[in-house]
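K.L.:
Just passing along the structure, written as structure tokens.
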Amino acid sequence: MTAAAGGTAAAGGAAASGGAAARGAAAAGGAAAAGIAAVEVWWARTADARPGLVGELSAVEVERLTAYARDEDKNRFLVGATIVRRVLATKLDLSPADVVLDRNCPDCGRQHGKVSVDGMQVSVSHSGDRIVVAFHPSAPVGVDVELINPAIDADSLASVSLSDVEAAELAGFEPAARARAFTQYWTRKEAVVKATGDGIRADLRKVIVSAPDQPAALREWAGYDGPVRLVDLQAGVEYAAALAILSEQSPEVRSFDAGPLLRL
């Protein structure tokens, strides 16, 4: 395993928005930071959803959209799927509806797995009213955002998702700070297993990441010896978020506001 600490990238920060952002990001895809292309991270909110976006989805995506019972779940999926299609459409010079996506699940073969497309690595996450999509032209990426629930029993959750070392570190936080600390552990772990493609099959107790008050890093994962770079993302005071990329080099992270893009 190769692991390294990361910094923190802000949500929607230091970036243009709308169509200009999409075109600028497409041009920036080949720009390198420390020898590797930048990771693009696009942020949106559930309020960005609108009925007209449904027409750009595939039949499989529409079926999945309609299967959600709650409007907030529908909106999260719709916004995430549309960001994927509109950003890729700009890069591939296609209409959003013509972008061919594969969501094949390696376990069951159904179309609800991680998004894949020729020539681009993609990861999607959503929680609360926040939706985030990460793109990289070559290296697998994983992104995770979680709404922090102050009422969770962090100590009980630690027993099934944190290593003994991490659980001991968590116990060192003041009770009022443990929900945030636990959620930071969680998003870092989720970002890593999403990047590797292991997802829910991974035993998160074995995916050992740095303490929440330390720069994000994968410290140990028995059985995995590939490269990982991990960085925290800023998604607002009520959220924790992290990005992982399977690379020996630490890339630049460029954040974009997808709201204007969704209103085109």
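K.L.:
Can you name the helices (runs of 4 or more DSSP H) wholly within segment 141-208 that have at least 3 residues being within 19 Å of residue 121 (Cβ to Cβ)?
P.N.:
178-196
K.L.:
Hey, another quick one. Give segment 206-247 a look and list any residue that's at pLDDT below 95 and within 18 Å of residue 167 (Cβ to Cβ), or say none.
P.N.:
Listed by number, the list holds a single entry, 222.
K.L.:
Being part of a strand (DSSP E or B) and hydrophobic (A, V, I, L, M, F, W, C) is the filter here; which residues of segment 209-219 pass it?
P.N.:
209, 218
K.L.:
Under 6 Å by Cβ, and 6 or more places apart or on different chains, what pairs join a residue from segment 190-203 that is surrounded by fewer than 18 Cβ atoms within 10 Å (Cβ to Cβ) with one that is at pLDDT 90 or above?
P.N.:
199/193
K.L.:
Mind counting the residues in segment 110-140 that are more than 23 Å from residue 75 (Cα to Cα), assigned to a loop (DSSP other than H, G, I, E, B) and in contact (Cβ under 8 Å) with a residue 40 or more places away in the chain?
P.N.:
Total meeting the criteria: 4.
K.L.:
Assess whether residue 115 counts as being more than 23 Å from residue 46 (Cβ to Cβ) and either surrounded by fewer than 16 Cβ atoms within 10 Å (Cβ to Cβ) or modelled with pLDDT under 95 (or both).
P.N.:
The answer is no for residue 115.
K.L.:
Same structure again: Return yes when residue 152 is within 24 Å of residue 235 (Cα to Cα) and modelled with pLDDT under 95 and no when it is not.
P.N.:
It is false that residue 152 is within 24 Å of residue 235 (Cα to Cα) and modelled with pLDDT under 95.
K.L.:
Taking the residues in segment 220-255 that are hydroxyl-bearing (Ser, Thr, Tyr) and either outside any strand (DSSP E or B) or within 12 Å of residue 8 (Cα to Cα) (or both) as candidates, determine which candidate is nearest to the chain's Cα centre (by Cα).
P.N.:
Of everything passing the filter in segment 220-255, 255 is nearest to the chain's Cα centre (by Cα).
K.L.:
In the set 145, 141, 160, which member is surrounded by 15 or more Cβ atoms within 10 Å (Cβ to Cβ) and out of contact with any Gly (no Cβ under 9 Å at 6 or more places or on another chain)?
P.N.:
141
K.L.:
Do we find that residue 206 is surrounded by fewer than 24 Cβ atoms within 10 Å (Cβ to Cβ) and basic (Lys, Arg) in this structure?
P.N.:
So residue 206 fits the description; yes.
K.L.:
Within segment 57-95, work out how many residues are assigned to a loop (DSSP other than H, G, I, E, B) and either surrounded by 13 or more Cβ atoms within 10 Å (Cβ to Cβ) or among the polar types (S, T, N, Q) (or both).
P.N.:
Final tally of qualifying residues: 5.
K.L.:
What about residue 154, is it among the aliphatic types (A, V, I, L, M) and either more than 26 Å from residue 207 (Cβ to Cβ) or crowded, with 19+ Cβ neighbours inside 10 Å (or both)?
P.N.:
It is true that residue 154 is among the aliphatic types (A, V, I, L, M) and either more than 26 Å from residue 207 (Cβ to Cβ) or crowded, with 19+ Cβ neighbours inside 10 Å (or both).
The values are calculated or read from the model by the stated rules, or taken from the named source; none is laboratory data. Nothing here was measured: the structure is a model prediction, and the numbers come from that model. Note: ideal-geometry Cβ built from the backbone for every residue, glycine included; neighbour counts use all protein chains shown.
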